[in-house]
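Remarks on the structure that follows.
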Amino acid sequence: MDDRPIGVFDSGVGGLTVVRSLIDLLPNESIVYYGDTARGPYGPRARDEVRGFVDEIASTLVRDGVKMLVVACNSASSAGLDHIKDNYPDIPILEVIEPAVRSAVRATRNRRIGVIGTELTIASKAYDRAVALTRENVELFPRACPRFVEFVERGQTGGAELIVAHEYLQPLVESKVDTLILGCTHYPLLTGVISFVMGRDVVLVSSAEEVARDVFALLTERDVARGTDAPPTYRFLSSGERERFESLGRRFLGPEIAKVEEHPWI
């Protein structure tokens, strides 16, 4: 048994969708979450710059005493995952890309899968590689949707401005994909408009639940689940303004966000 918390991080509040699934599936586990809201979104940034951010956050959470790291950010996973795995070989590190691909391959009927994400995630071809590793006879249609994170981070999940969704998604409609991976943990808050454009027959795949199942399996296999009967603790750290994180974070997670600690970078 291991009573240390699970560490989760993202470029902003989107990774709280993963935290929601973790709390639902593993209600006894404590969690420390870091949202890099002052420097996010990572999508428009250079790969090496994001890798540096990932290094800083991972080292902060490891020093805080986490037993596992969950990289709940597609841009961070595509830019810095291998790097932190090399730096912390004794810490289990899970990410969001492979679980989403695994779920999409199971869901597709016509073997045509779309994926939407930030510019950095799509340009990295991390999803292309993950699909290739499945050795399944599927075709992937990637599409960058750079403004989606901007909308979510300011709390706008509907309205006239989101007409840009048609511009982003129409090529995927024309490609006749029947399954669409939401390749950014912010995007589940836009499922209304995405489903409206794509059509109700297109399956939307979020990695959050699959990641939570992977965490459950790893804790069980290694026998490192939390052993105490005391209530779990949830800590939330932000590099930006505490009040903004709390307000937007409650839309993702709910009442578990009671207090956010500011942890700015110098």
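Just so it is clear, none of the values below were taken in a lab; they were calculated from the coordinates. Because the structure is a prediction, the values reported are computed rather than measured. Here the Cβ positions follow ideal geometry from the backbone for every residue, glycine too, while neighbour counts run over all protein chains shown.
Details
- Which of Thr37, Thr118 has the fewest Cβ neighbours within 10 Å, and the rest in rising order: Thr37, Thr118
- If R0 equals 41 Å, the separation of the Cβ atoms of Asn110 and Tyr88 corresponds to a calculated FRET efficiency of about 0.50.
- For Lys125, the lysines whose Cα falls under 23 Å of its own Cα, not counting residues fewer than eight places away in the same chain, are Lys85, Lys176.
- Placing +1 on the Cβ of every Lys and Arg and -1 on the Cβ of every Asp and Glu, with nothing else charged, gives the chain a dipole about its Cα centre of roughly 580 debye.
- Sorting Cys184, Cys73 by the number of Cβ atoms found within 10 Å of their own Cβ, with the fewest placed first, yields Cys184, Cys73.
- Sequence-distant residues sharing a close amide H with Asp3 (under 5 Å, placed H): Gly227
- Placed amide H near Val96: partners under 5 Å, 5+ positions off or other chain: Cys73
- Sparse-neighbourhood loop sites, trypsin sites (Lys or Arg not before Pro) in region 57-146 - DSSP loop, at most 15 other Cβ within 10 angstrom: Arg109, Arg111, Lys125, Arg135
- Region 168-230 versus region 57-118: alpha-carbon centroid distance in Å: 12
- In a simple Cβ point-charge model (Lys, Arg +1; Asp, Glu -1; nothing else charged), region 97-205 has a dipole of about 380 debye relative to its Cα centre.
- Residue-averaged [θ]222 nm for the chain, counting only DSSP H segments that reach four residues, each worth -39500 (n - 2.57): -13500 deg cm²/dmol
- Options Ala126, Ala104, Tyr88, ranked by Cα towards positive dipole end of region 48-182, top entry (Cβ charges): Ala104
- Residues whose placed amide H lies under 5 Å from that of Val202, excluding near-sequence neighbours: none
- Contour excess over end-to-end distance, with Cα ends at Ser195 and Ala225 and 0.36 nm allotted per residue: 7.1 nm
- Full extension of the segment from Arg63 to Arg213, taken as 0.36 nm per residue of separation minus the current Cα-Cα distance, would add 51.4 nm.
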